[in-house]
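The values are calculated or read from the model by the stated rules, or taken from the named source; none is laboratory data. Just so it is clear, the model here is predicted, and its values are computed rather than measured. To get the accessible areas, we keep the full protein, side chains included, count just its heavy atoms, and leave off ligands, DNA and RNA. Shrake-Rupley method; radii C 1.70, N 1.55, O 1.52, S 1.80 Å.
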Amino acid sequence: MLVAESREHSLASSNAGVTAKDRRIRDLQLQVDEADTVLQELEEANAKRLAMLNQARDQYDQASARCRELESQVEAQNEAVDRSESVAAAAQQAQRDAEERMHASGERERVALQERGLALQKAQRVTDV
């Protein structure tokens, strides 16, 4: 009987040890499962951040391209304005030159008319005399 009690006690102790080990294994497994869940959540969050970063990079690239396009348009417009100003300045100079020629031509015509008038007056005096 002593042997049987000893065996029962041994089995009970062994069962208690197995039960404690089982509990420890279950606790560790729960910790592993929790760590896996946290890791998965972190990976999902990182994937979202990466997607947002890629989207932001794409938007930045598009905005940069649009800026370069606008800068090119502004440069072309500035060149067109410069050409227009040059053409306008040349036209104004041509107008001033034309006015000066007209004035000089008008002055020459006035002088020529005065000379004809004087010549006619002399001719009339000669015929009157």
Legend entry - Complete set of residues in the range 51-86 that are open to solvent by 100 Å² or more (accessible area, probe 1.4 Å) and over 22 Å from the mean Cα position of the chain (by Cα): 83, 85
Inset, instruction - Give the range 105-129 a look and list any residue that's open to solvent by 90 Å² or more (accessible area, probe 1.4 Å) and of a type in the set (A, V, I, L, M), or say none. - result: 113, 118, 120, 126, 129
Inset, instruction - Confirm whether residue 4 is assigned to a helix (DSSP H, G or I) and either among the acidic types (Asp, Glu) or modelled with pLDDT under 95 (or both). - result: yes
